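To start, the structure itself, in structure tokens.
The values are calculated or read from the model by the stated rules, or taken from the named source; none is laboratory data. What you see is a predicted model; the values in this text were computed from it and never measured. Using ideal geometry, Cβ is built from the backbone for each residue, glycine included, and neighbour counts are taken over all protein chains shown.
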Amino acid sequence: MNLALEGRYALVTGGSHGIGLAITKLLLMEGCNVCICSRNQNRLTEAKQNLIGYRGQLITLQADVLNDLEIERVMDTLESLWGRLDILVNNVGGGGRWGHPIAEKTDVSTWREVYQKNAGAASLFTMRAIPLMRLRRWGRVVTITSIYGKEGGGRPWFNMAKAAETALMKSLSLMHYLVRDGITFNSVAPGGIYIPGTGFDEEKQVNPEEFQAMIDKDYPLGRMGTPEEVASVVIFLCSELASLVNGAQVVVDGGQTHSF
């Protein structure tokens, strides 16, 4: 299947680990030139070492998306190096486990930080990417949200931030002047994804029986998802084959959610 991605230029935020790294790998395999940004230089170095030999070229940039100036620096650098951007994957985010289980005991700084790391960063990267995409009359913006941006169940600051990301994609998808310039805007909402070294992995190590009971209860397939399974959906949305998919929220959760 030809996804027609060879020679495209892509930015994957938070691309050095987990879902972002899996997306980066598939883009490189398709012949995309990819930039990944992350605040963790060690992860960037490791990712670059592990992604040698693919068809596309990879560059890495260290940046903390909680700082608006760092986002501007990433985009300034890409505009200077490439002069174009065809694909933006707003993957950086997190905060679903931050704060206190009792909502009112969570400091306002957590609400602000989670919002900025997710919706704030996605909006700034997207606004800088749009003019570059319009120059070539083609573009794909895919934002990694969460099932907790679709329905309740998570911590409220995280739900709020992820719902805002979904709203951003849907709102932009309805703007005629953008989509008629060949740009589409979609969101991908993963359910529970098992990533070594993260919270789910820690839970499994601490209490494997309790973890397995949670899996049996909450996951219809009897397992969590993998970063690669999310990445496969993202790559399709980035491709020419998904030209009619615009403003969609694609849930990748193995049936975990309860809403229609």
(message) Take the residues in the stretch 2-16 that are of a type in the set (A, V, I, L, M) and over 13 Å from LEU85 (Cα atoms); name whichever of them is surrounded by the most Cβ atoms within 10 Å (Cβ to Cβ).
(response) LEU3
(message) Within the stretch 97-107, does at least one residue satisfy the condition of being within 22 Å of the chain's Cα centre (by Cα), buried (at least 17 other Cβ atoms within 10 Å of the Cβ), at positive phi and not basic (Lys, Arg)?
(response) yes
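What do you reckon, is VAL74 at pLDDT 95 or above, surrounded by fewer than 23 Cβ atoms within 10 Å (Cβ to Cβ), closer than 20 Å to MET133 by Cβ and not hydroxyl-bearing (Ser, Thr, Tyr)? Don't jump to the end; show me each part of the working.
Details: at pLDDT 95 or above: yes; surrounded by fewer than 23 Cβ atoms within 10 Å (Cβ to Cβ): yes; closer than 20 Å to MET133 by Cβ: yes; not hydroxyl-bearing (Ser, Thr, Tyr): yes.
When the stated conditions are applied, VAL74 passes them.
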(request) State the number of residues belonging to the stretch 90-120 that are of a type outside the set (S, T, N, Q) and over 19 Å from ALA163 (Cβ atoms). (result) 6
(request) Check GLY152 against each of (1) out of contact with any helix residue (DSSP H, G or I) (no Cβ under 7 Å at 6 or more places or on another chain); (2) within 30 Å of PRO101 (Cβ to Cβ); (3) without any contact (Cβ under 8 Å) to a residue 60 or more places away in the chain and name the one condition it does not meet. (result) (1)
(request) Among what's in the stretch 148-201 and is β-branched (Val, Ile, Thr) and part of a helix (DSSP H, G or I), pick the residue that is nearest to the chain's Cα centre (by Cα). (result) THR166
(request) Taking LEU81 as the residue in question, decide whether it is modelled with pLDDT of 95 or more and either over 23 Å from PRO227 (Cβ atoms) or among the polar types (S, T, N, Q) (or both). (result) yes
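Do the conditions hold for VAL89, that is, is it touching a residue at least 60 places away in the same chain (Cβ under 8 Å) and either on the phi > 0 side of the Ramachandran plot or within 19 Å of the chain's Cα centre (by Cα) (or both)?
Details: touching a residue at least 60 places away in the same chain (Cβ under 8 Å): yes; either on the phi > 0 side of the Ramachandran plot or within 19 Å of the chain's Cα centre (by Cα) (or both): yes.
Here the answer is yes, as VAL89 does meet what is asked.
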(request) Go through (1) over 30 Å from ARG84 (Cα atoms); (2) in contact with a Ser or Thr (Cβ under 7 Å, 6 or more places away or on another chain); (3) at pLDDT 95 or above one by one and return the number of the condition HIS100 breaks. (result) (3)
(message) Kindly evaluate GLU30 against the criterion of being in contact with a Leu (Cβ under 9 Å, 6 or more places away or on another chain) and either crowded, with 21+ Cβ neighbours inside 10 Å or over 22 Å from THR226 (Cβ atoms) (or both).
(response) yes
(request) Considering only residues that are closer than 14 Å to ILE87 by Cα and among the β-branched types (Val, Ile, Thr), look in the stretch 33-52 and name the one that is surrounded by the most Cβ atoms within 10 Å (Cβ to Cβ). (result) ILE36
(request) State whether the residues of the stretch 112-120 include one that is in a loop (DSSP other than H, G, I, E, B) and either touching a residue at least 40 places away in the same chain (Cβ under 8 Å) or under 25 Å from GLY18 (Cβ atoms) (or both). (result) no
(request) Quick one: in the stretch 133-157, of everything that is out of contact with any strand residue (DSSP E or B) (no Cβ under 8 Å at 6 or more places or on another chain) and either at pLDDT 95 or above or hydroxyl-bearing (Ser, Thr, Tyr) (or both), which residue is nearest to TYR177 (Cα to Cα)? (result) ARG137
(message) Could you tell me how many of the residues in the stretch 95-109 are in contact with a helix residue (DSSP H, G or I) (Cβ under 6 Å, 6 or more places away or on another chain) and either in a helix (DSSP H, G or I) or not basic (Lys, Arg) (or both)?
(response) 5
